Each structure stands twice: as C-alpha cells, then as structure tokens.
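Before any comments, here is the structure.
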Amino acid sequence: MTWLLTEILKNQIEERKDKTNNKYDLKKTKLIQEAIYGGHYWSLNWELQGVMHNHVDDPKDVTTVVNILDMWSFIERAYQGFSNADKVRVQQESGYGAYDPKFAGFDGNNESTHLSIARFLVEELGRFESFKGRDFNSHFPTVARYSQMATVFERMRPSLIMRELSPDQVIELLKRV
C-alpha cells in the first residue's frame, strides 16, 4: 500500500506547476520506494525521524488521560457555576486556598506520554475544548494523584446526567490532589 501511495505522490510531484520542492519531494519518494524494494526499513527511521518511530501510545494511557480530562471538565465547569460562598468553601475545605481549581496538566519530564496524549486530544482532535490553548505542562507529577481522583469520580459519574458536581463532591475530589 505504501508503494502504491508513493507512486501516486511521484506522479503528482512530476505534474506540479510549482517546481520549488519537486527535487526534495522526489528524493524522499524514491528513498521510501527503495527502502521498501530492498527491505531497508531501518533507513526510514534514520531519514524520516519524527515521522517514522517505534512509539505507539498505550491504550491504557489514552483511557487514563480521557478519564482525567473528563473529570477536570466537570470540576472546572461546576466550580464556575458555584456561588461566591460555595467557591470560598471549596477553596478552604479542599486546600486550594485562594486559587480556582484548574487542570494543571502533566509533568513534561516524567509524564510526557500523558501530556502528549492530552495535547493531541485537545489541539488536534478538538476534544475537551475548554482546555484549548493551555500549556499542559504542570512541571510536577500529577498522574498518580489525578488517577486517585478519577477513581472517586467514576463512582460519581453515573449520577451526573443532567446535573453538575456539587460543592461537596468537588471538595471530595480536590482533597485527593
């Protein structure tokens, strides 16, 4: 299938009116075809770094990130709808002080897979749009704590049809952060 695609690409490149990148594009197309023809698949990893790699996201990590983003969507949305008195109560009882509870992201050094999955879900797939434009790098580990929160949230989730989290539920979740 890859061979067929390179043949189509080669024909499109040769027919292009704008000849600016033709030489480069033809060289890459020829490399892919020669690698396939000669069984030199390793050469694609060398020459097309970033495109060809051995990393594949673990479906368990994807599920973990989706569950965490879902939970934080509920927390942030509920908190925004609280009265000022409820917000103060959440801040005091949860240990958040004077801060609004916000999804901080994942640690870029130690949780880069989770960070990358979250970024891809939000920025490329358009999911969890309330997180769009955020940095996603917490600069400190969060997966273990967020996973504990998500376990508690999963017990709450079935009751959240057509309603938001209560202040007590948000406090219960945030105490685990």
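The values are calculated or read from the model by the stated rules, or taken from the named source; none is laboratory data. What you see is a predicted model, and the numbers here were worked out from it, not measured in a lab. Here the Cβ positions follow ideal geometry from the backbone for every residue, glycine too, while neighbour counts run over all protein chains shown.
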Please work out which one of (1) assigned to a helix (DSSP H, G or I); (2) not assigned by TED's automatic domain parsing to the domain that holds Arg127 is the condition Asn67 fails and give its number.
-> (2)
Looking only at region 44-64, count how many residues are in a helix (DSSP H, G or I) and modelled with pLDDT under 85.
-> 4
In region 73-101, which residues are modelled with pLDDT of 95 or more and not in a helix (DSSP H, G or I)?
-> Phe82, Ser83
Is it true that Gly133 is under 30 Å from Val56 (Cβ atoms) and without any contact (Cβ under 8 Å) to a residue 12 or more places away in the chain?
-> yes
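May I ask you to list the residues in region 140-160 that are among the aromatic types (Phe, Trp, Tyr) and assigned to a helix (DSSP H, G or I)?
Of everything in region 140-160, those that are among the aromatic types (Phe, Trp, Tyr) and assigned to a helix (DSSP H, G or I) turn out to be Tyr146, Phe153.
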Which of the residues belonging to region 162-177 are modelled with pLDDT of 95 or more and surrounded by fewer than 17 Cβ atoms within 10 Å (Cβ to Cβ)?
-> Arg163, Glu164, Ser166, Asp168
